[in-house]
1. Report the residue, chosen from Leu73, Leu90, Leu294, that carries the largest GNM mean-square fluctuation when the chain is represented by alpha-carbon nodes joined by springs under 10 Å.
2. Length gain on complete extension for the stretch Tyr214 to Glu106, per 0.36 nm per residue less the alpha carbon to alpha carbon distance?
3. Counting helices only, and only those DSSP H runs with n ≥ 4, report the 222 nm mean residue ellipticity of the chain as the sum of -39,500 (n - 2.57) divided by its residues, in deg cm²/dmol to the nearest 500.
4. Over the stretch 59-113, with a single point scatterer placed on each C-alpha, what log10 of the ratio I(q)/I(0) does the Debye formula yield at q = 0.18, 0.29 1/Å?
5. Highest first, please rank the peptides 224-233, 104-113 by the mean number of other Cβ atoms sitting within 10 Å of their residues.
6. For the chain, set up a GNM with springs between Cα atoms under 10 Å and report which of Pro44, Pro334, Pro136 has the largest fluctuation.
7. Would you mind pulling out the separation of the Cα centroids of the stretch 24-46 and the stretch 250-274, in Å?
8. How far apart, in nm, are two points set 7 Å out from the Cα along the Cα-to-Cβ line at Glu64 and at Asn236?
Amino acid sequence: MSDTMTAPYTAGEAKAPVKRIPVAVLGATGSVGQRFVQLLEHHPWFKLHEVVASERSAGRPYREAAGWRLDTLMPDDAAALAVKPLGAELQSRLVFSGLDSSVAGEAEDDYANRGCVVVSNSRNHRMDPDVPLLIPELNADHVGVIEQQQKRRGGRGYIVTNPNCSTIGLAMAIAPVERLYGIEAIHVTTMQAISGAGYNGVASWAILDNVIPYIGGGEEEKIESEPRKILGRLENGQFVDAPFRISAQVNRVPTIDGHLMTISLGLRSRNFVNLDQVREAIDNFRGEPQHLRLPSAPHRPLHYVAEADRPQPRLDRDRERGMSVSVGRLRPCPLLDLRMVALVHNTIRGAAGAALLNAELLEAKGML
Ligand SMILES: NC(=O)c1ccc[n+]([C@@H]2O[C@H](COP(=O)([O-])OP(=O)(O)OC[C@H]3O[C@@H](n4cnc5c(N)ncnc54)[C@H](OP(=O)(O)O)[C@@H]3O)[C@@H](O)[C@H]2O)c1
């Protein structure tokens, strides 16, 4: 078993709530939903209280409905919960969503309109003008737009989202370069693990001994638009996109977890590029989760891995409980200016772990 889930949460956090906050997980039976259940087992601030899925699972005990696929045992408390149908009245105000995007849009709106804080993984609301698309290390100030959203809904409820799993790795890996030199253009090619498609996503017949150079659901479009909102500014209540252009090409490859990507960057101030300075900026990169010592925060959100053949999914995806992005192979690019390789654990830092970190940020800021 990997050390992904056995390492403890960050200790000594400043603003722990007096009692663990009860939470619900929408889509709890799915690939991301199971990660939520796993990560919540020992969470110091949040306690799993309700699980929600489709009519296929509703009414059944979670132990039967989930078809557990992770490499730690299903937590006993979760196993005994009865799965609720989507739309059911919930006792928890904090709701994590790992719902399929075919139903997430409406369902998340519905719960937010009922007063819940919905922390979502799905793509449906990511680009809404009053919904933060959060990576707390990069744009924690984007929560400033939430008050506007609450006004629109006429209550205390709201939605925050985390980005697409590849976007998280890309945005985090390029952030230090953007701060040092400014970025003009990005070309990224991803090699994405099968867990990113959900359990029923890619048939083994299709992916074994194979690479599929296409991922549906607008994957390339998401990677080409989301980083611009994340690394953009919130000005007078409006998001102003970062000015760079992105070209993304995506591939599904036969790894189970961990999205690897090769990235080339065109810079705004290309005359002064110093590779040592970039490596140092990657290793020294810190953000609000580190300053606030949030329980899911990695000590270092980015790790530069110096070996010539790293990062690799199997060897590097579990770094800091799957919450750190690994970067390597930094070198000049003959077409653009700089090249690098990045790796993100897609269901932890790219999904459930990211959403937990978002909720911890909201709690630390008194917004729950
Ligand atoms: N996997 C990743 O790496 C990743 C990363 C970032 C974001 N995301 C996003 O997270 C979401 C979940 O992805 P996933 O990979 O976990 O998918 P998944 O394994 O297919 O799970 C989907 C979940 O949604 C539920 N669901 C499906 N149809 C429903 C309906 N009509 N009513 C109520 N519940 C329904 C399923 O419940 P049943 O079991 O009852 O059918 C299941 O719990 C997607 O929006 C995806 O784009 C995934």
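Taken together, the values in this text are just the output of simple stated rules run on the coordinates, not laboratory data. Remember, it's a predicted structure, so these values are computed and weren't measured experimentally. Cβ coordinates were reconstructed from backbone atoms using ideal geometry, including for glycine residues, and neighbour counts include every protein chain displayed.
1. Among Leu73, Leu90, Leu294, the largest mean-square fluctuation in the Gaussian network model of the chain belongs to Leu73.
2. Values: separation 108, 0.36 × 108 = 38.88 nm, distance 2.71 nm.
Answer, rounded to one decimal: 36.2 nm.
3. Numbers: 13 runs with 106 residues, N = 368.
The helix-only estimate for the chain comes to -8000 deg cm²/dmol at 222 nm.
4. Here log10 of I(q) over I(0) equals -0.75, -1.22.
5. Going from most to least packed, we get 224-233, 104-113.
6. Fluctuation is largest for Pro334.
7. Distance between centres, Cα-based: 30 Å.
8. Distance between label points: 5.9 nm.
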